[in-house]
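Just so you know, all these numbers are worked out from the coordinates, no wet-lab data involved. Computed from a predicted model, the values in this text were never measured in an experiment.
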Amino acid sequence: MVRFFVTQEELLADTPILTGENASHAKVLRLKNGEAVLLCDGQGRECLCQVQEVDGEQFVLKVNERRESITEARVNVSVYMAFPKADKLEYVIQKATELGAYEIVAFPSGRCISRPDDKSLKKKLERWQKIAASAAEQSGRGRIPQVLTVSSYAEALKRAAQADRALLFYENEKSTTLKMALNQKTYQTVSLMTGPEGGLEEGEVAQAIEAGLQVCTLGKRILRCETAPLCALSAVMYDAGEF
């Protein structure tokens, strides 16, 4: 079924109308009267419709059912990733969205090579959010994960610590595995924090523990900075019964 992301106001309309880019897409797909489409507001609500009328550049729809999205995960997982080099974050945003991440948060740390300034960060955030929206549409999500940045490592820790299970992955941790960390108690929200190419500094790990995060390992092998968050996210989704 074809999926379109619309505003909340458009979703709540008695007779939704596809216009602009959505109408252009529908035209390319050659949607006809009677065909089913799914409208999503990007926040977890969706509307099952069918094409009622094709009027020039507009597609008038009939509402058949309004509901909560049936493709969203039962657990909200926030991915916290230190700013990486090049376009690695774009890759993580795309794949984390496909895997069901609730949000992606980028932050600076001591060993980060990439440190975008405010001007470039504004443009990057716009691009990152578009990548998340495209990945959400492609993967059948009902919600578009928000892509955020925080200005400091301390702020990232404070925010991540609010989850039911707040986890930080460190290559020198040898005893506590991700499975052990998740089995400590039930959870509805999870924060997963990983470092940049050079990893996190010992002082930063100590700071995370003080903030209330659980430090754990992702195994005996060293994972790339773009691999670690996706590995952890996949494991949490499996543990939560999503796979």
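Pairs exceeding 31 Å between alpha-carbon atoms, taken from K123/K158; K119/K174; K32/K130: K119/K174.
Here the Karplus relation 6.51 cos²θ - 1.76 cosθ + 1.60, evaluated at θ = phi - 60°, turns the backbone of region 231-243 into coupling constants of 4, 5, 4, 4, 5, 5, 4, 5, 4, 7, x, 7, 9 Hz, with x for every Gly and Pro.
Would you calculate a helix-derived [θ] at 222 nm for the chain, using -39,500 (n - 2.57) for each DSSP H run of n ≥ 4 and dividing by the full residue count, to the nearest 500? Could you put the intermediate results ahead of the total?
Values: 8 runs with 83 residues, N = 243.
So the helix-based figure for the chain works out to -10000 deg cm²/dmol.
Largest GNM mean-square fluctuation across L167, L192, L18, computed for the chain with C-alpha springs under 10 Å, falls on L18. With θ taken as phi - 60° and the Karplus curve 6.51 cos²θ - 1.76 cosθ + 1.60 applied, the whole-hertz 3J(HN,Hα) list for region 208-217 is 5, 4, 5, 6, x, 7, 8, 8, 8, 10 Hz, x standing for glycine and proline. Across all directions, the average projected area of the convex hull around the alpha carbons of region 31-88 is 6.8 nm². Taking only the Cα atoms of the chain, the ratio Rg/Rh comes out at 1.05, with Rh defined as the Kirkwood radius.
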